[in-house]
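Asks: Sharing a structure below in structure tokens format, with a few things to ask.
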Amino acid sequence: MKRIVILISGRGSNMEAILRAAAAEKWSAQVVAVISNQAKAAGLETASTAGIPARAVEHVAYSDRAQFDQALSAAIDEYSPDLVVLAGFLRILTPAFVTRYHGRLLNIHPSLLPSFPGLDTHRRALEAGVKFHGATVHFVTPELDHGPIIEQAAVPVLDTDTEDTLAARVLEQEHGIYPRAVRDFIEGRYVLTEGRVVRHSS
């Protein structure tokens, strides 16, 4: 049984999507903990209600990013995870943290990477006039939002779109591709080879 730790900062809608899929599809994996950098994150209550250990490691309690990441990694390692999943975790992680979990640290980003890394992706997509926007699941590397791509999903950008309407359609796609990417990792359906994700043919 594989062990998954999920990191969140807010309500954790992608976390919920993963939990639903794990239960419905009877994964050979268990979410063993949900950790947030915000004690008031609504997703912590959701996880606790589902019987999952939920705790906060608040970044404001630490003087710098490195000290926070050390405390966060110590909390994560208590659960001996096979996979660490960033599900709306709104902190930039240090290279030391990322290296510690190399090959088992996933993130989802609300754009079709490598386009629009960073923040305000929906606004930037609209301003750029792109015809398609979407979401990307990728392995985390020290370079922000530039890790090897595992899954992507695209939505058309409509002439009537606002940031909110575009974000809503992208989020719906996130809730499909993120659980699938996590499940496929657990089942060994792809490997990270020389900086690229290679899927098994079977």
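Asks: Between 0 and 90 degrees, rounded to the nearest ten: what's the tilt of helix 163-186 against the longest Cα principal axis of the chain?
Replies: In the chain, helix 163-186 runs at an angle near 50 degrees to the longest axis.
Asks: Is the shape of the range 85-137 best called rounded, prolate or oblate, per the rule: a/c under 1.5 gives rounded, else a/b larger than b/c gives prolate, else oblate, with a ≥ b ≥ c the square roots of the Cα gyration tensor eigenvalues?
Replies: Verdict is prolate for the range 85-137.
Asks: With a ≥ b ≥ c taken as the square roots of the eigenvalues of the C-alpha gyration tensor of the chain, please select rounded if a/c is under 1.5 and otherwise prolate if a/b is larger than b/c or oblate if it is not?
Replies: Rounded.
Asks: Given the -39500 (n - 2.57) contribution per DSSP H run of 4+ residues, what per-residue ellipticity at 222 nm results for the chain, rounded to the nearest 500 deg cm²/dmol?
Replies: Theoretical 222 nm ellipticity from helices: -11000 deg cm²/dmol.
Asks: So how tilted is helix 65-77 from the main axis of the chain? Cα-based, degrees 0 to 90, rounded to 10.
Replies: On a 0 to 90 degree scale, this one is about 70.
Asks: Please list, by residue number, everything in the range 79-104 whose backbone N is under 18 Å from a paramagnetic label point 7 Å out along Cα→Cβ of K2.
Replies: Output list for this probe position: 79-87, 101-104.
Asks: Along Cα→Cβ, 7 Å out, is where each label goes; now give me the distance between the ones at R65 and E187 in nm to one decimal.
Replies: A separation of 3.6 nm, rounded to one decimal place.
Asks: Kirkwood Rh, the range 131-185, all Cα pairs: how many Å?
Replies: When all Cα pairs of the range 131-185 are included, the Kirkwood radius is 12.1 Å.
Asks: A follow-up question, please. Against the longest alpha carbon principal axis of the chain, how many degrees, from 0 to 90 and to the nearest 10, is the axis of helix 13-25 turned?
Replies: 80
Asks: What's the exposure ranking of I76, I92, going from fewest to most Cβ atoms within 10 Å?
Replies: With the sparsest Cβ surroundings first, the list reads I92, I76.
Asks: Further, regarding this structure: If packing is taken as the mean number of other Cβ atoms within 10 Å per residue, what is the order of 135-146, 181-192, highest first?
Replies: For the peptides 135-146, 181-192, the packing ranking is 135-146, 181-192.
Asks: How high is the FRET efficiency between Q30 and E163 when r is their beta carbon distance and R₀ equals 45 Å, given to the nearest 0.05? Kindly include the intermediate steps, with their values, before the conclusion.
Replies: Details: r = 36 Å, r/R0 = 0.80.
Here the calculated transfer efficiency is 0.80.
Bear in mind that the values in this text are calculations on the coordinates, not laboratory data. Please read these numbers as outputs of a predicted model, since none were measured by experiment. Heads up, the Cβs are rebuilt from the backbone with ideal geometry, glycines too, and the neighbour counts pull from every protein chain shown.
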